[in-house]
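*Asks:* Following this message is one structure expressed as structure tokens.
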Amino acid sequence: MTVSGTTSASSYCWSFSTCMLGLFSLSDWALITGIICTLLTCVLNWYYRYKEYRFRVKKDNES
């Protein structure tokens, strides 16, 4: 990729980012952040509970 191509891609990327940031109000961003954090917490909790369950089953089978 040439320098002008890189500059152009960077310019479009920042333009899109700025547009997305201006699209929502601060309250909207807080709501979106809260939803994303809640979903991530739920997924991580499920993953570690499943991992703990596998560990306990493996431990019980060895006994």
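*Asks:* At a 1.4 Å probe radius, which order do 48, 12 fall into by accessible area, largest first?
*Replies:* Values: 48 130, 12 165 Å².
Greatest to least solvent exposure: 12, 48.
*Asks:* Determine the gain in length on full extension of the stretch residue 7-residue 38; use 0.36 nm per residue of separation and subtract their C-alpha separation, reporting nm with one decimal. Write out the running numbers ahead of the final one.
*Replies:* Numbers: separation 31, 0.36 × 31 = 11.16 nm, distance 3.68 nm.
Fully extending the segment from residue 7 to residue 38 adds 7.5 nm.
*Asks:* Could you work out the Kirkwood radius for the chain, taking every pair of different alpha carbons, averaging 1/r and inverting it, reported in Å? Present the calculation step by step, with values, prior to reporting the outcome.
*Replies:* Working: mean 1/r = 0.0628 Å⁻¹.
Roughly 15.9 Å, rounded to one decimal.
*Asks:* Against the longest principal axis of the chain, how steep is helix 3-23, in degrees 0 to 90 to the nearest 10, with axes from Cα atoms?
*Replies:* Between the helix axis and the principal axis of the chain, the angle is about 70 degrees.
*Asks:* Have a look at 53, 43, 30 and report the one farthest towards the positive end of the charge dipole of the chain, computed about the Cα centre with Cβ charges (Lys/Arg +1, Asp/Glu -1).
*Replies:* 53
*Asks:* Grab the other residues whose beta carbon is less than 13 angstrom from that of residue 55, score K and R as +1, D and E as -1, and report the net.
*Replies:* Values: positive: 49, 51, 54, 56, 58, 59; negative: 52, 60, 62.
Result for the local shell: +3.
*Asks:* Rounded to the nearest whole Å², what accessible area per residue is found for the chain with the 1.4 Å probe?
*Replies:* On the way: 6060 Å² over 63 residues.
With all protein chains present, the chain gives 96 Å² per residue.
*Asks:* Another question, if that's okay. To the nearest 20 Debye, how big is the dipole of the chain about its Cα centre, given +1 on the beta carbon of each Lys and Arg and -1 on that of each Asp and Glu? Kindly include the intermediate steps, with their values, before the conclusion.
*Replies:* Values: 6 positive and 4 negative charges, 74 e Å.
Approximately 360 debye in magnitude.
*Asks:* What's the center-to-center distance, using Cα atoms, between the range 9-25 and the range 39-57 in Å?
*Replies:* Comparing the Cα centres of the range 9-25 and the range 39-57, I get a distance of 36 Å.
*Asks:* In addition: Mind pulling the angle between the C-alpha long axis of helix 26-62 and the longest principal axis of the chain? Nearest 10 degrees, somewhere in 0 to 90.
*Replies:* The angle comes out near 30 degrees.
*Asks:* Report, in deg cm²/dmol and to the nearest 500, the calculated mean residue ellipticity at 222 nm for the chain, where each DSSP H run with n ≥ 4 adds -39500 (n - 2.57) and the sum is divided by the residue count. Numbers along the way, then the final one.
*Replies:* Numbers: 2 runs with 58 residues, N = 63.
Rounded to the nearest 500, it is -33000 deg cm²/dmol.
The values are calculated or read from the model by the stated rules, or taken from the named source; none is laboratory data. Everything numeric here is computed off the predicted structure, so don't read it as measured data. Note: ideal-geometry Cβ built from the backbone for every residue, glycine included; neighbour counts use all protein chains shown. To get the accessible areas, we keep the full protein, side chains included, count just its heavy atoms, and leave off ligands, DNA and RNA. Shrake-Rupley method; radii C 1.70, N 1.55, O 1.52, S 1.80 Å.
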